[in-house]
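Scroll down for the structure; my scribbles are underneath it.
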Amino acid sequence: MRKIDITDFTLIREGKEPILTKRPCSLYSAMLGNGEISDIYFGDKISKINNLPPCECSFTAEIPIDSGLVNLKSVYLKLSGVHADAEIIFNGKSYGRAHNANRTYLFDIADSLHEGINLLKIKCKKPLARKILLDSLGKEQTSYELSPYIADMGITGACEIIATNSEMID
C-alpha cells in the first residue's frame, strides 16, 4: 500500500489573488494569514463580522503521481474534516460531495488518475448558502456549522491518496 499525504493547497476565490496555504486550512485562516482580515475573535471585532465575504472558494492541490502508483489496482482519495458543503473534483471529474466535517469520505479516483501532475479541487459553498437552499426546498438543516455570525469552510482532517494492489482495511 502507498499513501500520499496532501498538505499544500491554494485557496482560489473569484476576483482575488490565490493564497498558498497548508492543511489544516480554512478560508478565514488563509485570509488572516495573508493579512486580508484581522482576528475577528479578538476584542470587540465580533461586531464587524458582517463584513466578512459571503463567497464560495476552492482549495486546489497539484499532486505529482508516478507510474508505480498509477499501475496499482485500487486508488482512493480519502478526505475527513471538510468544513463546508464541498464538491470533490479530481482531474476535472466530479466525484461527489463532502458535507459533514465529522465523516470520512473515500472516493475511487483510479479512472482519472494519470502519471504526472494531478489536480484536486475541493469546491466549497458557504454553509449559510446551503441553509438558504434547503429552506427554499422546505427541508430542515440540523448542522452545527450554520452559525449566523461566521461560517468558515476548509479542510482540517486527512487528505490523502491511498493506492493498493489488495483489499484495504482501515
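The values are calculated or read from the model by the stated rules, or taken from the named source; none is laboratory data. All values derive from a computational prediction rather than experimental measurement. With ideal geometry, Cβ positions are generated from the backbone for all residues, glycine too; neighbour counts draw on all protein chains shown. In case anyone asks, the SASA skips ligands and DNA or RNA and just uses the protein heavy atoms, side chains included. Shrake-Rupley method; radii C 1.70, N 1.55, O 1.52, S 1.80 Å.
Of all residues in the stretch 1-30, those satisfying the criterion of being open to solvent by 20 Å² or more (accessible area, probe 1.4 Å), in a loop (DSSP other than H, G, I, E, B) and in contact (Cβ under 8 Å) with a residue 60 or more places away in the chain are Met1, Thr7, Arg23, Pro24.
Selection of first residues in the stretch 87-110 that are more than 24 Å from Asp152 (Cβ to Cβ) and of second residues that are hydrophobic (A, V, I, L, M, F, W, C) and open to solvent by 40 Å² or more (accessible area, probe 1.4 Å), restricted to Cβ pairs under 8 Å at least 6 apart or on distinct chains, gives the following pairs, ordered by first then second residue: Asn91/Leu119; Gly92/Leu119.
Residue count for the stretch 104-122 under the criterion of being over 15 Å from Ser74 (Cα atoms) and of a type in the set (A, V, I, L, M, F, W, C): the result is 4.
Could you tell me how many of the residues in the stretch 4-40 are touching a Leu at 6+ places or on another chain (Cβ under 9 Å), under 20 Å from Ile117 (Cβ atoms) and acidic (Asp, Glu)? Result for the stretch 4-40: 1.
State all residues of the stretch 9-20 that are of a type outside the set (A, V, I, L, M) and under 12 Å from the mean Cα position of the chain (by Cα); if no residue qualifies, say none.
Within the stretch 9-20, the subset of a type outside the set (A, V, I, L, M) is 9-10, 13-18.
Phe9, Thr10 - these are the residues of the stretch 9-20 that are of a type outside the set (A, V, I, L, M) and under 12 Å from the mean Cα position of the chain (by Cα).
When restricted to residues that are within 26 Å of Tyr28 (Cβ to Cβ), crowded, with 17+ Cβ neighbours inside 10 Å and out of contact with any His (no Cβ under 9 Å at 6 or more places or on another chain), the stretch 61-94 contains 12. Screening the candidates Glu115, Glu140, Glu167, Glu160 for the property of being open to solvent by 20 Å² or more (accessible area, probe 1.4 Å), over 17 Å from the mean Cα position of the chain (by Cα) and at pLDDT 90 or above yields one hit, Glu115.
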